[in-house]
Amino acid sequence: MYKFNLTSIFKRLLPALWLLANTCTAADWSEVQAEARGDTVYFYAWGGSDDVNRYLRWADGELNRRYGVRLKHVKVPDIAQAVQRLQVDAQAGRLDGGAIDLLWVNGENFHVLKRDNLLLPDVLTAVPNSADLLHDKLPLASDFGVPVDGLEVPWGIGQFNLIARDNSFADAAINAAQLLDFAKQNPGKLSYPKPPDFIGTTLLKSLLLDLTDSDPRLYQPASETAMAQLLPVLWQYLDKLHPMLWEGGTVFAQSSAQQLQWLADAKLSVAFSFNPQELAAKVEASRLPRNVQQHYFSVGAITNSHYLAIPRNASHSAAAKVAINFLISEKAQQRKADTAYWGDPAVVDLPEGGTLLPSATELHASWQNALEQRWLQRYQR
């Protein structure tokens, strides 16, 4: 007979119950909307996806029509650049009037922002639609092993997966050894984005999980001892893999968008994605051939949420809250989840929210920088 684990159930429900008790009142929200009207939100976000860029242009139009708020997408190749700008502002004592109103952030970048006290507090409970977030079903309260503590608001779900031309792999689930075998049998038909591109770094994490049997130390802060014991197995693997990559591993794609284009152009037979619905979206838009199939690592697809956060020195924090509240609304989440537009999985309950892959927990945030820096030292000398 199945036994209910009341402690586990309570822990999963607690964030949602806390949100219901602490979300702002209607009167408070009316004041925020009134303050926001006429303002422009400068949203620093990754600009490497045409789908994302089009979606944000649509969101700008909706926000302007509904609330008199404009959303200006400031495209950056890596959100770490925006984080560095906020750090410079803080060091210079610029406590208000900042250029950045809203950030698309997670992982190591959130870890740095939280550590340096650079984010506006209590944003999660400041937006009414946060009450609809799926805290009881999705891992939204922790970002790469670091508690969110209300500093950022979940926006979507990412899962690492492979997009491969037909018959590249026999099964949906693959492992590191099978990927290496494919590279040996198909020299020049595999590559990956150059770290610190997020997709490239997540491939390194996936390989490390597989090669170390998901060592529990990967979910803890990356100590020198743990790195000395775990990373050599990854380097040994990559030393074998790289000579069989596209251009002999001497040239890497500069972005995930570029390696997907190489897949579309048949330069590659395999590309990597962090959106489990990207394959369907790009096939539907005729931007990938119909003979592609989705695969994931047998240890599980590394899964995490991506978030929206407001810098502590934002010039238009009220308008940023209005933007966040709209972006997590059912209307905006449904369009974002639709593969005809973006195909990014929703963080609220939708009639057609899509399905997720078997998941693996994201590594602790400290492993991100450790992997990137050591990869660059070893392979980009």
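Computed from the coordinates by the stated procedures, all read-outs in this text should not be read as laboratory data. Given the structure is predicted, the values throughout are model-derived calculations rather than measurements. Cβ atoms come from the backbone with ideal geometry, glycine included; neighbour counts cover every protein chain shown.
What to note about this one:
- Whole-number percent relative contact order across the chain, with pairs defined as alpha carbons under 8 Å at least 6 apart: 28 percent
- Structural descriptor for region 164-252: relative contact order 39 percent, calculated from alpha carbon pairs under 8 angstrom and at least 6 residues apart.
- Cα-based Rg and Dmax for region 21-99, where Dmax is the largest Cα-Cα distance (Å): 15.4, 39
- With Cα atoms, 0 to 90° folded angle of helix 366-379 axis to the chain main axis: 40 degrees
- Across Lys137/Lys331; Lys189/Lys240; Lys205/Lys336; Lys137/Lys194; Lys282/Lys331; Lys137/Lys282, pairs whose alpha-carbon gap is larger than 24 Å: Lys205/Lys336; Lys137/Lys194; Lys137/Lys282
- Among Gly107, Gly93, Gly343: highest mean-square fluctuation, GNM of the chain, C-alpha pairs under 10 Å: Gly93
- DSSP beta bridge pairing in the chain, given as percent antiparallel to the nearest 5: 55 percent
- Leading residue at positive end of dipole, region 99-232 (Cβ point charges), from Ala99, Ile157, Pro232: Pro232
- Candidates Ser273, Ser256, Ser298: whichever shows maximal mean-square fluctuation once the chain is modelled as a Gaussian network with Cα springs under 10 Å: Ser298
- Nearby lysines by direct alpha-carbon distance to Lys114 (threshold 21 angstrom, same-chain neighbours under 8 apart not counted): Lys321
- Extension gain, Lys75 back to Gln220 (0.36 nm per residue minus Cα-Cα distance, nm): 49.0 nm
- Under 14 Å, Cβ to Cβ, from Ser315 - net charge with Lys/Arg +1 and Asp/Glu -1: +1
- Each Lys and Arg adds +1 at its Cβ and each Asp and Glu adds -1 at its Cβ; summed about the Cα centre, region 15-143 shows a dipole of about 320 debye.
- Rounded to the nearest 10 degrees, the inclination of helix 224-241 to the longest alpha-carbon principal axis of the chain is 50 degrees.
- Residue (of Pro351, Ala309, Pro187) at the positive-pole extreme of the chain, dipole from beta-carbon charges: Pro187
- Tensor-based shape of region 256-376 (alpha-carbon gyration tensor, a/c under 1.5 rounded, otherwise prolate or oblate): oblate
- Our helix-only sum for the chain, with -39,500 (n - 2.57) per DSSP H run of n ≥ 4 divided by its residues, gives a mean residue ellipticity at 222 nm of -13000 deg cm²/dmol.
- Choice from Thr201, Thr40, Thr212 with maximal GNM fluctuation in the chain (Cα, 10 Å cutoff): Thr212
- Principal-axis tilt of helix 26-36 within the chain, Cα atoms, nearest 10 degrees: 80 degrees
- Size of electric dipole in the chain: Cβ of Lys, Arg +1 and of Asp, Glu -1, about Cα centre, debye, nearest 20: 520 debye
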